[in-house]
Amino acid sequence: MHKNKFIFYTRNISKLKFHLLFSFFIIIPSLLKAQIHCGTVEFIPNSPLTQDFTFDSFNQYLGGITFNNIGQLRINVEDKAIVDPDCRWFLTMEISNSGGGTPAGEWETLVVYGGGAATTPPIDLLQIRLRNGCQTSPIDGLFQTFTNHGDVTNIIADGLARNDAGNCNLNVNGPGDYLTNYNEYTFTIDVRIKPNFTLKPGIYQLSVKFHLEEQM
Amino acid sequence: MKKLSLSFIVGVGMFATSYAQLQDEKDVTITMDLQPVLQLDMSTSNQLEFVFDDISEYYSGITHYAATILKISSTVSWDLYAVGRSNGTTAAGMWDQQLDYGSNNPNAIDQIPLSAVELRQSQANSGDGAAAGAFSDYSQAFATTGAANAGNSLYVNGGAITPPSTNDKYIAGHAGTSGTAGQDFIAGGSYLTQTGTTSDYYYAIDYRILPDLPAIFPNAANAAGTAFVDIVTANAAGNYAEPGVYTMYVQYVLLEDQ
């Protein structure tokens, strides 16, 4: 009896293994598989930008500091050799305070001057504006703020129907590049910070990640 | 086993043909340097002269109204205090005698306390909740002559610039770093953005010196205003101020509440 039971179980385990392996190697890879619709999706150049804000006069604290055109996002999206009508892209920006031990809603502290009982700057101090000649983004020309580390704002949203360049339409997301359609494939970045008088003096840092990706 | 091997091969093959979406990223790093800015704009004459050449001036004192205007702008929470100082050539905490008018009476001494100067600020201190002394600021009206009053005597700490303690007088804010509004600081701000008739960022300062007769400066008091240090109390009965020219200075200190 005991021997028969043992055989019964091993056979069932073999079947189970088979199903598990089948699922793992056949079904899951099928789900993961994503077809490429575009030939190239890139920023030109994609080198990082830095911008320093130094507040050392009272007028700057009162009025804030705005830097217009700290850089540009120049987009190049090309079709594949065999043109796929589903080649579309989306563009987002994501705020980061480096995570780690930094509270989600605050700037990353690099240095603190003095020891007053003030507060660390909140992330929503930073305002970012994107704009281009055709105002293709729904948030074109509007300063955007973020609340917490990891917050994402759509510039050209994911999941939209294809909207080809050439007519200065909203949400242009088809193939094209900044050389042939400059006003639709170039985004200028403006940054503004307007601190208040309750913040702890020091040096703080944030980074904004602009993410360009083809739609699936 | 054959089925298993087949599924493994197919699976690996499928992995090998799966793709990642085309994407690119560009980063902007933003650094913010918040430097503390404290600005004390003071308009006053270079020298305030108190010339006592009339008996009534000895009795009633001389007052200079709004002789100093203090305007504050600060990006951080702050405290403001006044401190009496001198070169200490006569003695620490005393006026400097520049000229002696030749009185050789042994009761005529040159030890005039710096706290003989009285101040009156135009706006009460709204950040003095943590004050523990008899007088938290200089906002009370100058006392009438005839009875000594320490409510307006200038804070002095032996001629040093050391900030007052919780028992002493500040013009705005106070000792301590509780971080609680109204307790021991004035929040950052500027007289430039204030509205209304009064402001925590704007003070007119009146000065009074009351020698009395004999000239003992009865309102001179210690830092906390709990004891008088007039010439008789600090020295001996019968002493009085030696006629002459004396100088001292009032230093206004604006500092971050920390």
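For the stretch A:130-141, does any single residue satisfy the condition of being touching a strand residue (DSSP E or B) at 6+ places or on another chain (Cβ under 9 Å), crowded, with 16+ Cβ neighbours inside 10 Å and within 14 Å of another protein chain (Cβ to nearest Cβ)? First the steps, then the outcome.
As a first pass, look at the stretch A:130-141 and keep what is touching a strand residue (DSSP E or B) at 6+ places or on another chain (Cβ under 9 Å): A:130-133, A:136-141.
If we keep only those that are crowded, with 16+ Cβ neighbours inside 10 Å as well, we get A:130-132, A:136-137, A:139-140.
After this cut, where a residue has to be within 14 Å of another protein chain (Cβ to nearest Cβ) as well, the list is A:130.
Within the stretch A:130-141, one or more residues are touching a strand residue (DSSP E or B) at 6+ places or on another chain (Cβ under 9 Å), crowded, with 16+ Cβ neighbours inside 10 Å and within 14 Å of another protein chain (Cβ to nearest Cβ).
Looking at the structure I just gave you, is A:Gly64 more than 10 Å from every other protein chain (Cβ to nearest Cβ) and either in contact with an Asp or Glu (Cβ under 9 Å, 6 or more places away or on another chain) or within 30 Å of B:Gln39 (Cβ to Cβ) (or both)? Before you say what the answer is, go through the steps one by one.
Numbers: more than 10 Å from every other protein chain (Cβ to nearest Cβ): yes; either in contact with an Asp or Glu (Cβ under 9 Å, 6 or more places away or on another chain) or within 30 Å of B:Gln39 (Cβ to Cβ) (or both): yes.
Against the criterion (more than 10 Å from every other protein chain (Cβ to nearest Cβ) and either in contact with an Asp or Glu (Cβ under 9 Å, 6 or more places away or on another chain) or within 30 Å of B:Gln39 (Cβ to Cβ) (or both)), A:Gly64 qualifies.
Looking only at the stretch A:77-108, count how many residues are part of a strand (DSSP E or B) and surrounded by fewer than 18 Cβ atoms within 10 Å (Cβ to Cβ). Outline the logic, then answer.
First, the residues of the stretch A:77-108 that are part of a strand (DSSP E or B): A:77-79, A:89-96, A:106, A:108.
Subset that is surrounded by fewer than 18 Cβ atoms within 10 Å (Cβ to Cβ): A:78-79, A:92, A:94.
Total meeting the criteria: 4.
For the stretch B:229-243, which residues satisfy the criterion of being in a helix (DSSP H, G or I) and aliphatic (A, V, I, L, M)?
So the first thing to find is which residues in the stretch B:229-243 are in a helix (DSSP H, G or I), and the list is B:231-234.
If the condition is that a residue be in a helix (DSSP H, G or I) and aliphatic (A, V, I, L, M), then B:Ile231, B:Val232, B:Ala234 are the ones that fit.
Kindly check whether there is at least one residue in the stretch B:113-129 that is in a loop (DSSP other than H, G, I, E, B) and either more than 17 Å from the chain's Cα centre (by Cα) or farther than 30 Å from A:Phe58 by Cα (or both).
First, pick out the residues of the stretch B:113-129 that are in a loop (DSSP other than H, G, I, E, B): B:122-129.
Those still in the list that are either more than 17 Å from the chain's Cα centre (by Cα) or farther than 30 Å from A:Phe58 by Cα (or both) too: none.
No.
Among the residues of the stretch B:209-222, are any within 14 Å of chain A (Cβ to nearest Cβ), at pLDDT 95 or above and within 17 Å of the chain's Cα centre (by Cα)? Break it down into steps so the answer makes sense when it comes.
Here is the first cut: in the stretch B:209-222, the residues within 14 Å of chain A (Cβ to nearest Cβ) are none.
Looking through the stretch B:209-222, none of the residues is within 14 Å of chain A (Cβ to nearest Cβ), at pLDDT 95 or above and within 17 Å of the chain's Cα centre (by Cα).
Could you check, for the stretch A:153-160, whether at least one of its residues is in a loop (DSSP other than H, G, I, E, B), in contact (Cβ under 8 Å) with a residue 40 or more places away in the chain and within 11 Å of another protein chain (Cβ to nearest Cβ)? Quick ask: steps written out before the conclusion?
First, the residues of the stretch A:153-160 that are in a loop (DSSP other than H, G, I, E, B): A:157-160.
With in contact (Cβ under 8 Å) with a residue 40 or more places away in the chain added as a condition, the list becomes A:157-160.
Pick out the ones that are also within 11 Å of another protein chain (Cβ to nearest Cβ) and you get A:158.
Yes: the stretch A:153-160 contains one or more residues that are in a loop (DSSP other than H, G, I, E, B), in contact (Cβ under 8 Å) with a residue 40 or more places away in the chain and within 11 Å of another protein chain (Cβ to nearest Cβ).
Can you tell me which residue among B:Thr177, B:Thr226, B:Thr198 is under 19 Å from the mean Cα position of the chain (by Cα), more than 14 Å from chain A (Cβ to nearest Cβ), touching a residue at least 24 places away in the same chain (Cβ under 8 Å) and assigned to a loop (DSSP other than H, G, I, E, B)?
Only one candidate qualifies: B:Thr198.
Just for strands (runs of 3 or more DSSP E) wholly inside the stretch B:21-94: which have at least 1 residues that are within 14 Å of another protein chain (Cβ to nearest Cβ), aromatic (Phe, Trp, Tyr) and over 30 Å from A:Asp86 (Cα atoms)?
Working: elements: B:23-34, B:38-44, B:62-74, B:78-85.
The strands (runs of 3 or more DSSP E) meeting that bar are B:78-85.
Have a look at A:Asn69, A:Asn59 and point out the one that is in a strand (DSSP E or B) and either of a type outside the set (Lys, Arg) or buried (at least 19 other Cβ atoms within 10 Å of the Cβ) (or both). Talk me through it step by step, then tell me what you get.
Details: A:Asn59 fails: in a strand (DSSP E or B).
Result: A:Asn69 is the single residue among A:Asn69, A:Asn59 that is in a strand (DSSP E or B) and either of a type outside the set (Lys, Arg) or buried (at least 19 other Cβ atoms within 10 Å of the Cβ) (or both).
Looking at (1) touching a residue at least 12 places away in the same chain (Cβ under 8 Å); (2) of a type in the set (D, E, K, R); (3) over 28 Å from B:Val76 (Cα atoms), can you tell me which one A:Glu108 breaks?
The one condition A:Glu108 does not meet is (3).
Take the stretch B:55-66 and flag every residue that is surrounded by 15 or more Cβ atoms within 10 Å (Cβ to Cβ) and in contact with a strand residue (DSSP E or B) (Cβ under 9 Å, 6 or more places away or on another chain).
B:Gly61, B:Ile62, B:Thr63, B:His64
Out of all the residues in the stretch A:184-210, which are surrounded by fewer than 18 Cβ atoms within 10 Å (Cβ to Cβ), at the interface with chain B (Cβ under 7 Å from one of its Cβ atoms) and not in a loop (DSSP other than H, G, I, E, B)?
The one that is surrounded by fewer than 18 Cβ atoms within 10 Å (Cβ to Cβ), at the interface with chain B (Cβ under 7 Å from one of its Cβ atoms) and not in a loop (DSSP other than H, G, I, E, B): A:Lys209.
For the stretch A:41-56, which positions are part of a loop (DSSP other than H, G, I, E, B) and facing chain B (nearest Cβ under 7 Å)?
The initial filter retains those residues of the stretch A:41-56 that are part of a loop (DSSP other than H, G, I, E, B), namely A:44-48, A:56.
A:Asn46, A:Pro48, A:Asp56, listed by residue number.
What is the one condition in (1) more than 8 Å from chain B (Cβ to nearest Cβ); (2) more than 30 Å from B:Ser73 (Cβ to Cβ) that A:Leu73 does not satisfy?
For A:Leu73, the exception is condition (1).
Working carefully through the options B:Gly93, B:Gly151, B:Gly158, find the one that is touching a residue at least 40 places away in the same chain (Cβ under 8 Å), touching a strand residue (DSSP E or B) at 6+ places or on another chain (Cβ under 9 Å), at positive phi and not acidic (Asp, Glu).
B:Gly93
Let me confirm something: among A:Asp56, A:Asp84, which residue is of a type in the set (D, E, K, R) and under 25 Å from B:Pro36 (Cα atoms)?
On the way: A:Asp84 fails: under 25 Å from B:Pro36 (Cα atoms).
Being of a type in the set (D, E, K, R) and under 25 Å from B:Pro36 (Cα atoms) holds for just one of A:Asp56, A:Asp84, which is A:Asp56.
Given the conditions (1) assigned to a strand (DSSP E or B); (2) over 27 Å from A:Asp79 (Cβ atoms), which single one is not true for A:Leu130?
Answer for A:Leu130: the failing condition is (2).
Got a sec? Which of B:Asp168, B:Asp184 is buried (at least 22 other Cβ atoms within 10 Å of the Cβ), within 14 Å of chain A (Cβ to nearest Cβ) and not in a strand (DSSP E or B)? Write out each step before concluding.
Values: B:Asp168 fails: within 14 Å of chain A (Cβ to nearest Cβ).
Of B:Asp168, B:Asp184, the one residue that is buried (at least 22 other Cβ atoms within 10 Å of the Cβ), within 14 Å of chain A (Cβ to nearest Cβ) and not in a strand (DSSP E or B) is B:Asp184.
Inspect the stretch A:153-169 for any residue being basic (Lys, Arg) and in contact with a strand residue (DSSP E or B) (Cβ under 9 Å, 6 or more places away or on another chain) and give the result as yes or no. Spell out the reasoning first.
Of the residues in the stretch A:153-169, the ones basic (Lys, Arg) are A:162.
Subsequent filtering for residues that are in contact with a strand residue (DSSP E or B) (Cβ under 9 Å, 6 or more places away or on another chain) retains none.
No, every residue in the stretch A:153-169 fails to be basic (Lys, Arg) and in contact with a strand residue (DSSP E or B) (Cβ under 9 Å, 6 or more places away or on another chain).
The values are calculated or read from the model by the stated rules, or taken from the named source; none is laboratory data. This is a predicted model, so every value here is computed, not measured. With ideal geometry, Cβ positions are generated from the backbone for all residues, glycine too; neighbour counts draw on all protein chains shown.
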